1. Per-residue HN-Hα couplings for region A:19-35, Karplus 6.51 cos²θ - 1.76 cosθ + 1.60 at θ = phi - 60°, whole Hz, x for Gly and Pro?
2. In nm, give the distance between the simple-model label positions of residue A:612 and residue B:158, each being 7 Å from the Cα along the Cα-to-Cβ direction.
3. What span do the alpha-carbon atoms of region A:469-681 cover on each of the three principal axes, reported in whole Å from largest to smallest?
4. How far, in degrees from 0 to 90, does helix A:435-456 lean away from the longest principal axis of the Cα atoms of chain A, to the nearest 10?
5. Just flag the GluC sites (Glu not before Pro) in region A:579-653 sitting in loop per DSSP whose Cβ has no more than 16 other Cβ atoms within 10 Å.
6. Mean shadow of region A:123-182, computed from the convex hull of its alpha carbons, in nm²?
7. Over the Cα atoms of region A:286-348, Rg to Rh with Kirkwood Rh, two decimal places?
8. Would you kindly state how much longer the chain becomes between residue A:515 and residue A:188 on full extension, computed as 0.36 nm times their sequence separation minus their alpha carbon distance, in nm to one decimal?
Amino acid sequence: MTQFSDSESTKGFVTKLFVLVTALLVLAAGTAAFLIVHVFDRDLSPELDKKAAAIGRSVARQVAFAAEHGIPFEKLYGVEAFLDQVMRGNADIASIELADAAGRVRYAAGRKDTAAVDTDLLELPIDADGTNIGTVRVRISQAYLERELSGILYDVLIVLLVALLIAMELLLVVMAVSLFKPIEGISVVLERASYGDFRFRLPVDSHDEIGRLAEVYNSLARRLNEMFRQLVDDAEEVRLGQIDASIVRQVEGVVSRLTERFNFAQGKLLETFRPVSAHAVRAPLFVFIFAEEMSRPFLPIYIRELYTPIAGMSMQTAIGLPIAAFMLTIAVVTPIVGAVADRYGPRTMFLIGAVPSIIGYVGSAFAGGLFDLIGWRVLSGAGYAIVYLACQGYIAQNSLPESRAQGMAMFMGAVFAAGVCGPALGGILADQIGMRSTFVVSGGLCVAAALALIWLLPADAIEPEEGLRRVKLSDFRVVLTSPGFSALVVFIAIPNKVALTGFLFFLAPLFLDQLGNTSSETGRVMMIYGACTALLTPLAARFADSVRGHRHIVTVGCGLAGLGLLPILLQPSTALLVVGVLFFGIGHAMSIAPQLALVPESCPQACAELGHTTVLGVFRILERLGSVIGPFVASLLIGIGGPVVATAGMGALVLAGAILFGLYHLARPGSRAVVLEGRSP
Amino acid sequence: MFSGLTGRIIITVVAVLLCAVGLTSLLGYNKYKLALANIVEGRFRFVLGDIKNTLDVSVNLGVALADLRNLQELLDREKTADDQIQLIEVFDADGTVVFSTDRSNVGQVLPEDWVQLAFLTTTEAWKLHEEDGHVIGLTLISSFGAPLGGVIVSYSHAAIDQKLAQIGLDLGQITVGVIAGYGIVLVFGLIIVLGRPRRQLESMRQSIGQFLVPGGVAVPSVTDIDHLKVSVKAAVGAIDEANRKIQEIDGST
């Protein structure tokens, strides 16, 4: 059309916009963080000085007491053990020294800090019977203050990352709704007009450049249609005044020749052309998934706080119940809702799904016990399944078959981005405002997601559609007769989902808490998984496609995911757990997309009989079984050998699955031929 | 200015900037609050532990609480050394105050819930939030494991509140300053970046606008949307031709 719709020009403009926004957000948050840390340093140091003074006074009094009872300063017994004891309970103190009247250090405990130490040295005289016998020197730990301040810096970095991702999501939506979608409309309508089709007008939703352009075009189209209608009226007048049939035919011929070449509106009103954009659901979906992801780092801890002993059930199993109930609800609700979703359309379904989610989160915030919480999580799970389906359905409806993969990538992009930000921010909020309040925030975010959808997706923009074929019980029999499919499900899909919910959602937060980590720190660790999947999944998918090695990538990826969880056996530490989550994330990022690509390849006959979508639906349902049993498997393993054995056990399960999957394909000499055959159209 | 495309993008980005910097400040404030509370409480816990250790030495030697000499002096000295301390008291197994920095309290009985909490929490310090301050306490246990009484330190939260108010003000200023400073840069940056697409859209509008003349549609001589020009020209020409033919037919009869 014009240079504006040229993709290179648009890309350049979008890149400039994103670079500008990113740079300024980073600079702004960086400046704010620097100034905040400076203010904290200024204000917290005097408080530490006061504490050091209290400690110094106490030590001086004890030494003076001994001296007043006749024990010489240099012959005091057990002073260093006493100072060590004082040090142990006060992490903010770096060292305590006792110097005699001549300034020689006689007793000391703790360590000498780095260069900045001297600025934080507090000296107090030791007076016995009115005479100075020495000095107490208390040094404040710079490391303690730095630790406190570094916590703030980590929080700032997380907030910055979250803000950037949210900014990008919002910009994408604003650009899609305010720029790309209208431009697409203009492009289509002007192109049609170029071929003589003047039936359409453009929507004027704003009074900006696009709105004004639309108004001008609408005037043009309206005038052309008016000219046409005037002609038709004149022709009709002439025709009615004639009794000669040949002249009537001549008049009709003139008009019909014109309408053969050009299309004009039939009535007085022009039809409004309103293109739909797949981006319309991206931001609401992002916010909705974000709300759920926020509870990941602290949910098991929250459940543990609500736990009261239940006869015949261990605490670990009880903690797993709400997590499993959530997953089970998703597994059960998905096929049920799938059958009716298309009748109501994605917009209505999203809004219906948001209701139980909001109630579920607010209910979770005020849960009085374990069973209350299970009920609320079931509601949240139902809402989650409905909203997820609604968005997936919307993308499928509003993307052409050739661009459906891009649509799904956009959909998954929102899910992954939420997976990166949600746990991190949720952990920080749980630490600062409490776990219950964080659930309320999740509820608020669901409300925001619903409002965003109402704004972005007008009710008249989409039509309910006829549904696709739904999964039936008999489909499972057809699909599971394929050994390749069964191997994929049993060795790869189920073990990995067991580990995802069992390890990442259930075990990791509890284990990290046991190792002394705060919810913020747990959130940061869990963010690693989200970051790996968000960054590496597209790269791994592209690589697997280019080398046509889905099977190998899946085997290696799952092997890595399992292997990374084994080193915890060496020593239960946060560092090794971080390594585990990192490998788990990398492994899953490598295998998620190739796994899906393997589904049709592993059962070409079933695909031919039932269609790819149904086979994929069966795969998803079977995979979710793993999600449901994951927390129970983890709690069983914790009961056997504690969190270390449970973590390693999860790793061993995934690793064993990967090895068996690899061996299965090695043992089937014809498998490659089948794979390539399955790939052909 | 803010109703157009540029305005919408500016509002979105500035809102994100506001949220990012605002959230950073809010989280920083909460972190500071927690850190300050920890440091201040740590200080009073130390003072409390120190007094308890002194008491333990005497109690373990079999001296009754009420008979401890020099204790009053120690309590007074600690209170004087720290202006945030409101009160230090030592109470016996009945909850009766035996030593206090406020002499008028000696002989009075501590509130029932304090005493209950003190004798329920014997292994670690206990804490209460009162209207005018915080109270932390430690229980004294005899060498036979029986509770003998306890010691409490009450400290004012006015100083903490004052510090928090000051830090809130400082953070507010930082937030406003950063948002204002970077907001202005952002607005100008966005206006520049969005200038080109705006100019292109305006050029398109003008091109299409040239078709429009009062009462009809004209074919302009200059336009960059050639296909549309050709199509409109053809449509206008065809309608004119059709009109002419109909008039001819009408006139010939």
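1. Rounded to whole hertz, the list is 5, 4, 5, 4, 4, 6, 5, 4, 5, 5, 5, x, 4, 4, 4, 4, 5.
2. Result for the modelled spin labels: 7.4 nm.
3. Projected onto its principal axes, the Cα set of region A:469-681 covers 54, 35, 32 Å.
4. It works out to around 20 degrees.
5. Details: sites: A:601, A:609, A:623; in loops: none.
Answer by residue number: there is no such site.
6. On the way: hull surface 24.8 nm².
Average of the hull's projected areas for region A:123-182 equals 6.2 nm².
7. Working: Rg = 15.9 Å, Rh = 14.2 Å.
Reported Rg/Rh (Cα atoms, Kirkwood Rh): 1.12.
8. On the way: separation 327, 0.36 × 327 = 117.72 nm, distance 5.96 nm.
Taking 0.36 nm per residue and subtracting the Cα distance, the gain is 111.8 nm.
Every read-out reported here was derived from the displayed coordinates using simple, explicitly stated rules and does not represent laboratory data. Note that the coordinates shown come from a computational prediction; the quantities given were computed from them, not determined experimentally. Virtual Cβ from ideal backbone geometry, glycine too; neighbours counted across all protein chains shown.
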